[in-house]
Amino acid sequence: MRQGAQGSADTGTPWAATASAAAAEPAQPAAPAGSARVPQQAGAVRGEHTHSEPPAPAVPLLPRARPVIQRASVRGQILDALRAALVAGDLLPGEVYSAPVLGERFGVSATPVREAMQQLALEGAVEVVPNRGFRVVERGVRELAELAEVRALIEVPVMLRLARTVPAERWAEMRPLAEATVRAASTGCRATYAESDRGFHRAVLSLSGNEQLVQIAEDLHRRAQWPLVGGGPGFRGRADLVADAHEHTALLDALVARDLDVVRALVGEHFAGAGAGAGGA
């Protein structure tokens, strides 16, 4: 996906951005201001007074709503694809990518790509390079360790509180998500595992009932999954991802048993692993 290698074979499946608009219907003539359209009673003629029924209340004529063309679905697909490319290492730290080149790769115009890149810029994944495109932010080990520390400060107290209050049957509902992370890790695809990993953490933290906490934690989690400078697509191998995923099932066992010491240790080790490499935790 590097800009300098536009002619290389595209291993992804491009999308065709399609949007269809419904044919506009002719607008109905609007009634004069202050006037009301009152149906004429049967048998009444001009100038004749009728007293059998009161006049019908005035009903304002509203213009027909025009169909709204939704572009968010295309932009959302491109955003998801770019996020996956970041995690997989297809978008290299320090490299500049232009919206037209990426749009050609995905089979869409440059506009949804540019909008998706602007969202990534807000998230801190890329930075705008005027008249050139977007540069993938270069990150070092220290930044990754700092993210892991902040995540631990937020999530460890929540996990301990949930361990004291959430019944075992609720944790049993999380078991399929934990097992899904193991299957995703076994594929060796960092992008696939990263998405499954975030899904598990999001589901666990949602039990706190604090949506703001869930959103902040997921943003930190996503940023922790971006690759390091020089890390490359294989910075964390399949064995590392599988070991990381098995920590989810071990965490559930400790939560069911309400073993707070084990919960604290597992979550701490989990984030320590996140500070050592990208793609998981």
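The values are calculated or read from the model by the stated rules, or taken from the named source; none is laboratory data. Source: prediction; values computed, not measured. Glycine gets a Cβ as well: all are built from the backbone with ideal geometry, and neighbour counts include every protein chain shown. Areas reflect the complete protein model, heavy atoms only, side chains present, ligands, DNA and RNA absent. Shrake-Rupley method; radii C 1.70, N 1.55, O 1.52, S 1.80 Å.
Applying both filters, DSSP loop and at most 16 other Cβ atoms within 10 Å, to the trypsin sites (Lys or Arg not before Pro) of the range 80-142 gives Arg132. Placing a pseudo-label 7 Å from each Cα along the Cα-to-Cβ vector at Leu213 and Glu149 gives an inter-label distance of 2.2 nm. When +1 charges are put on Lys and Arg Cβ atoms and -1 charges on Asp and Glu Cβ atoms, the dipole computed for the range 87-154 relative to its Cα centre reaches about 120 debye. 3J(HN,Hα) along the range 201-210: 4, 4, 5, 5, 5, 5, 5, 6, x, 10 Hz, from the Karplus curve 6.51 cos²θ - 1.76 cosθ + 1.60 with θ = phi - 60°, whole Hz, x for Gly and Pro.
Between Ala110 and Arg175, the C-beta separation translates, for a Förster distance of 41 Å, into a calculated FRET efficiency of about 0.40.
Classify the range 144-219: rounded, prolate or oblate, from the alpha-carbon gyration tensor (a ≥ b ≥ c, eigenvalue square roots; a/c under 1.5 rounded; otherwise prolate if a/b is larger than b/c)? Note, shape of the range 144-219 comes out oblate.
Protein-only accessible surface at a 1.4 angstrom probe places the residues Val242, Val263 in the order Val242, Val263, largest first. Our coupling estimate for the range 157-162, obtained by passing each phi through the Karplus curve with A = 6.51, B = -1.76, C = 1.60 and θ = phi - 60°, is x, 5, 4, 5, 5, 5 Hz, Gly and Pro reported as x.
Once fully extended, how much extra length lies between Ser206 and Glu123, figured as 0.36 nm per residue of separation less the alpha-carbon to alpha-carbon distance?
Details: separation 83, 0.36 × 83 = 29.88 nm, distance 2.15 nm.
Once the chain is fully extended between Ser206 and Glu123, it gains 27.7 nm.
Over the range 118-161, the ratio between the Cα radius of gyration and 2.2 N^0.38 Å evaluates to 1.63. If every alpha-carbon in the range 79-151 counts as one equal scatterer, what log10 I(q)/I(0) does Debye give at q = 0.11, 0.15 1/Å? For the range 79-151 at q = 0.11, 0.15 Å⁻¹, log10 I(q)/I(0) is -0.28, -0.50.
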